[in-house]
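The values are calculated or read from the model by the stated rules, or taken from the named source; none is laboratory data. Model, not experiment: these values are computed from the prediction. Note that each Cβ is placed from the backbone with ideal geometry, even for glycine, and that neighbours are counted across all protein chains shown. Just the protein is used for accessible areas: all its heavy atoms, side chains included, with ligands, DNA and RNA removed. Shrake-Rupley method; radii C 1.70, N 1.55, O 1.52, S 1.80 Å.
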Amino acid sequence: MEKKFNGIYLTDRIVFSFAGALGYRKGVHLILESMVEVAKQIPNSHLIIAGAGEYEQNLRAKISELELEKNTTFASWLDGAGLKELFYASDVFLYPSISYEGWEEQFGYSMAEASLMEVPVISTSTGSIEDVVLDGKTGLLIKPDNTKDLVQAMVRLGGDKELRINLGKAGRKYIEENFNYP
């Protein structure tokens, strides 16, 4: 199956993605910092960031500062069809949320959506994320605000297609069984 997003063909790439509000607390800056090392270890890696918010300009500047323009696609907020296209193109969904000024992640709706599309999730052990992502079963959970752990998890999943498939299938089953109305 041909992978593409926003008219960009990504069939030969390992695609990491994030979709959601672009605020500091979502940890997207950690994805960008990690992507520098991931791109060295997985040269065909690509990152798609989809969303909007108060931190968007900071993230765009960081992409430029880290020279990640060729490895990164930035998209605005996606409707349902756009989100589905994103998940079809994605190999791994990233959501490295951090505690910030007393706030912690609540139910991770975009993580559940990625899981329903059989895309494994890398996220953090914070807030109620552990209710949505089961570490080692439906995705990988790392310590919050930790780029070393994020790089290791991204390289691990990026390099292991069978693990991605198994976590993705388990993620779909878990969300269907636990968060679906009869």
Here are some residues: S90, S110, S115, S99. Which one is open to solvent by 60 Å² or more (accessible area, probe 1.4 Å) and hydroxyl-bearing (S, T, Y)? S99
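Please determine whether any residue of segment 159-171 is in a loop (DSSP other than H, G, I, E, B) and in contact with a Lys or Arg (Cβ under 8 Å, 6 or more places away or on another chain).
From segment 159-171, those in a loop (DSSP other than H, G, I, E, B) are 159-160; that's our starting set.
Those still in the list that are in contact with a Lys or Arg (Cβ under 8 Å, 6 or more places away or on another chain) too: none.
Looking through segment 159-171, none of the residues is in a loop (DSSP other than H, G, I, E, B) and in contact with a Lys or Arg (Cβ under 8 Å, 6 or more places away or on another chain).
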List every residue pair whose Cβ atoms sit under 8 Å apart, with the two residues 6 or more apart in sequence or on different chains, where the first one lies in segment 42-64 and is on the phi > 0 side of the Ramachandran plot and the second, anywhere, is at pLDDT below 95 and aromatic (F, W, Y). G51/W77
Identity of the residue in segment 130-160, touching a residue at least 60 places away in the same chain (Cβ under 8 Å) and farther than 13 Å from S97 by Cβ, that ends up nearest to the chain's Cα centre (by Cα): M154
Would you check if there is a residue in segment 60-69 being at pLDDT 95 or above, open to solvent by less than 20 Å² (accessible area, probe 1.4 Å) and of a type outside the set (D, E, K, R)? yes
All positions within segment 146-170 that are among the small types (G, A, S) and open to solvent by 20 Å² or more (accessible area, probe 1.4 Å): G159, A170
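Is it the case that some residue within segment 56-79 is β-branched (V, I, T) and assigned to a helix (DSSP H, G or I)?
For segment 56-79, residues β-branched (V, I, T) and assigned to a helix (DSSP H, G or I): present.
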Any residue in segment 1-29 that's β-branched (V, I, T) and open to solvent by 30 Å² or more (accessible area, probe 1.4 Å): show its pairings with residues that are modelled with pLDDT of 90 or more and assigned to a strand (DSSP E or B) at Cβ separation under 7 Å, as long as the two are six or more apart or on different chains. I8/T73
Residue within segment 129-148 that is assigned to a helix (DSSP H, G or I) and either at pLDDT 95 or above or closer than 20 Å to L47 by Cβ (or both) present: yes
Determine whether segment 34-47 contains at least one residue that is under 16 Å from the mean Cα position of the chain (by Cα), open to solvent by less than 10 Å² (accessible area, probe 1.4 Å) and hydroxyl-bearing (S, T, Y). yes
